[in-house]
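See structure below.
The values are calculated or read from the model by the stated rules, or taken from the named source; none is laboratory data. None of these values were measured; they are calculated from a predicted model. Every residue, glycine as well, gets a Cβ built from its backbone with ideal geometry; the counts of neighbours run over all protein chains shown.
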Amino acid sequence: MSNETIGLVVEAAGKTGVLHLLTGVIARHEGDIVSVEILENQPERARTYFEIEVPGGPEPLLEELRALPIVRDVQVVNTFGRIYGKRIIIMGGGAQVGQVAIGAISEADRHNIRGEHISVDTIPLVGEQKLADAVRAVARLPRAKALVLAGSLMGGEIETAVREVRQAGLLVISLNMAGSVPQAADLVVTDPVQAGVMAVMAVAETAKFNLERLTRRVF
């Protein structure tokens with residue numbers, strides 16, 4: 001029997017050991033926790049979001065969770081993957097980020113109408129260390145599939161961070177800019193709108209675009 005991935009929001013009394021009690025129940029039902037996030041952690045109220053792969057139906061798991069004395073409510077919700085899907089992250093200079101976003105959002109809309117789920121996140125940032133820290137953090141973001149670096153000059157520690165996240169499996173697209181980052185990226189695109197479009201096409205299952213089939217990597 002195939003596993004079903006469900007989203008759960010559990011509201012419980014805020015106390016030490018809440019997460020331990022909840023995960024113990026999940027483990028007893030052979031649930032595989034794909035993602036967990038503490039939404040609220042106050043003395044009077046704790047809310048935790050889980051994404052769990054459960055064998056068979058979730059009803060026995062839900063029943064035992066609701067039976068815990070500390071639990072006040074358990075809601076089954078759609079997973080973030082089902083709602084927001086794959087994430088494109090765009091960072092760098094504000095003007096360039098905005099132009100990349102225009103291309104990415106327009107292209108994502110085209111694919112989402114056809115059944116895809118792709119979302120676009122942006123953050124304007126200035127400074128080598130801030131950008132390097134942000135690049136490394138993308139590898140820790142749930143569902144992040146591609147990073148677009150949009151700026152006029154990036155190198156140094158940012159280049160090192162790009163090489164690290166690429167080794168972790170993240171697709172990195174760079175605008176054709178000064179600095180060493182373009183040499184470290186998977187793909188270099190001069191036009192920012194086209195960079196956004198190509199980022200979405202690279203991760204969309206409804207697109208026929210395949211990065212590995214390109215004969216060149218600078219456009």
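Observations on the model:
- Restricting the range 160-175 to residues that are among the hydrophobic types (A, V, I, L, M, F, W, C) and either in contact with an Asp or Glu (Cβ under 6 Å, 6 or more places away or on another chain) or not in a strand (DSSP E or B) (or both), the residue that is modelled with the lowest pLDDT: 168
- Any hit, the range 46-65, residues being among the basic types (Lys, Arg) and in contact with an Asp or Glu (Cβ under 6 Å, 6 or more places away or on another chain): yes
- Residue within the range 72-88 that is over 24 Å from residue 52 (Cα atoms) and crowded, with 20+ Cβ neighbours inside 10 Å present: no
- Residue list for the range 194-211, restricted to those being over 17 Å from residue 87 (Cα atoms) and either surrounded by 15 or more Cβ atoms within 10 Å (Cβ to Cβ) or of a type in the set (A, V, I, L, M) (or both): 194, 211
- Listed conditions (1) surrounded by 14 or more Cβ atoms within 10 Å (Cβ to Cβ); (2) free of Cβ contacts under 8 Å to residues at least 60 places away in the same chain; (3) among the basic types (Lys, Arg) are all met by residue 15, apart from (1).
- There is no residue in the range 52-70 that is out of contact with any strand residue (DSSP E or B) (no Cβ under 8 Å at 6 or more places or on another chain), at pLDDT 90 or above, β-branched (Val, Ile, Thr) and under 28 Å from residue 140 (Cβ atoms).
- Note on the range 147-159: among residues that are within 16 Å of residue 189 (Cβ to Cβ) and in a loop (DSSP other than H, G, I, E, B), the one that is modelled with the highest pLDDT is 154.
- Looking only at the range 108-146, residues that are of a type in the set (Val, Ile, Thr), surrounded by fewer than 18 Cβ atoms within 10 Å (Cβ to Cβ) and not in a strand (DSSP E or B) come to 2 in all.
- Taking first residues from the range 87-98 that are part of a loop (DSSP other than H, G, I, E, B) and partners that are buried (at least 21 other Cβ atoms within 10 Å of the Cβ), the Cβ contacts under 6 Å between residues at least 6 apart in sequence or on separate chains come to 93/151.
- Selection from the range 1-26 of residues that are more than 25 Å from the chain's Cα centre (by Cα) and outside any strand (DSSP E or B): 1, 13, 14, 15, 16, 17, 18, 20, 21, 24, 25
- Selection status of residue 108, touching a residue at least 40 places away in the same chain (Cβ under 8 Å), of a type in the set (A, V, I, L, M, F, W, C), within 30 Å of residue 162 (Cβ to Cβ) and assigned by TED's automatic domain parsing to the domain that holds residue 149: yes
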